[in-house]
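Read the structure below first, then the notes.
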Amino acid sequence: MLRNPNGLSYAVVALLAVTAVLDVIAVLAALALRGEPWAEGQADLTVALLSLVQLLLYVATVVLWIVWFHRTRLNAEVWAPAEHSRTTGWAIGAWFIPFANLWIPRNIAAEIWRASRPDPSAPDASGELRLLNGWWTLFVLENVADRIASRLYDKAETADAYVDAASWLAVSNALNLAAAVLAILFVRKLTSMQHLKATGMISAAQ
């Protein structure tokens, strides 16, 4: 049975948009902290506040994203059950497997995309997966940059060390900003594809 992903997509896009705005603030804050002397206490307070807000937003976004992603995967199963290499449960579980979550969800997303096309078995057109691949590349790079920034911040004991950590925080948030923008475009495009395909099936059945 097909499931309507439209409502969930609006919520996901809204949270991603808020994420992008917060990333802009975080980048500007990190760059400002790099440009002037600041004490360890100021660094701790600034990073802690931004990190807390970003964490809360991240959790909310992840929950809605996974629900939306799983719903699109269920729809893809209806249209092209033979075109998937993993069961529908992987659309949820794959995000929580360390290291494997850096490539398995992308592969699932590509299979959902193909199943949502008019002809699921058709070969990929040139550049067809550019949006997906661009978003996923930024997503992986942001995860790497965030790990580096966190480690540098945890080990920082001097002003210079905190400045270096702030630089990586700026890089991480800039990558997250770009990834959020492409994620919005991906969500809108895939949801639109599924809506059009579902509407076409209903019209054909009538």
What pairs come out if I take residues in the range 119-133 that are in a loop (DSSP other than H, G, I, E, B) and pair them with residues that are at pLDDT below 95 whose C-beta lies under 7 Å away, six or more apart or interchain?
Pro120/Glu83; Ser121/Glu83
Could you check the range 96-126 and list, in sequence order, the residues that are farther than 28 Å from Asp23 by Cα and among the small types (Gly, Ala, Ser)?
Ala115, Ser116, Ser121, Ala122, Ala125, Ser126
Selection within the range 170-179 - closer than 15 Å to Leu15 by Cβ and crowded, with 22+ Cβ neighbours inside 10 Å:
Asn176, Ala179
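Given the residues Leu28, Leu8, which is the only one that is assigned to a helix (DSSP H, G or I), within 17 Å of the chain's Cα centre (by Cα) and modelled with pLDDT of 75 or more?
Leu8 is the lone residue from the list that is assigned to a helix (DSSP H, G or I), within 17 Å of the chain's Cα centre (by Cα) and modelled with pLDDT of 75 or more.
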Filter result (basic (Lys, Arg) and either outside any helix (DSSP H, G or I) or over 27 Å from Ile104 (Cβ atoms) (or both)) within the range 139-181
Lys155
Among the residues of the range 99-147 satisfying the criterion of being at pLDDT 95 or above and aromatic (Phe, Trp, Tyr), which is nearest to Ala198 (Cα to Cα)?
Trp113
Among the numbered criteria (1) in contact with an Asp or Glu (Cβ under 7 Å, 6 or more places away or on another chain); (2) buried (at least 19 other Cβ atoms within 10 Å of the Cβ), which one does Leu182 miss?
(1)
Which of (1) surrounded by 19 or more Cβ atoms within 10 Å (Cβ to Cβ); (2) in contact with a Leu (Cβ under 9 Å, 6 or more places away or on another chain) is the odd one out, the single condition Pro105 does not satisfy?
(2)
Verdict on Asn75 being surrounded by fewer than 19 Cβ atoms within 10 Å (Cβ to Cβ) and within 20 Å of Lys189 (Cα to Cα):
no
Restricting the first residue to the range 141-157 and requiring it to be surrounded by 18 or more Cβ atoms within 10 Å (Cβ to Cβ), which pairs with a second residue that is of a type in the set (A, V, I, L, M) and modelled with pLDDT of 95 or more meet a Cβ separation below 6 Å and a spacing of at least six or different chains?
Glu142/Leu175; Glu142/Ala179; Ala145/Val171; Ala145/Leu175
Which one is farthest from the chain's Cα centre (by Cα) among residues in the range 70-118 that are part of a loop (DSSP other than H, G, I, E, B) and of a type in the set (Phe, Trp, Tyr)?
Phe99
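The values are calculated or read from the model by the stated rules, or taken from the named source; none is laboratory data. Source: prediction; values computed, not measured. When we count neighbours, we look across all protein chains shown, and the Cβ atoms used for this are built from the backbone with ideal geometry, even at glycine.
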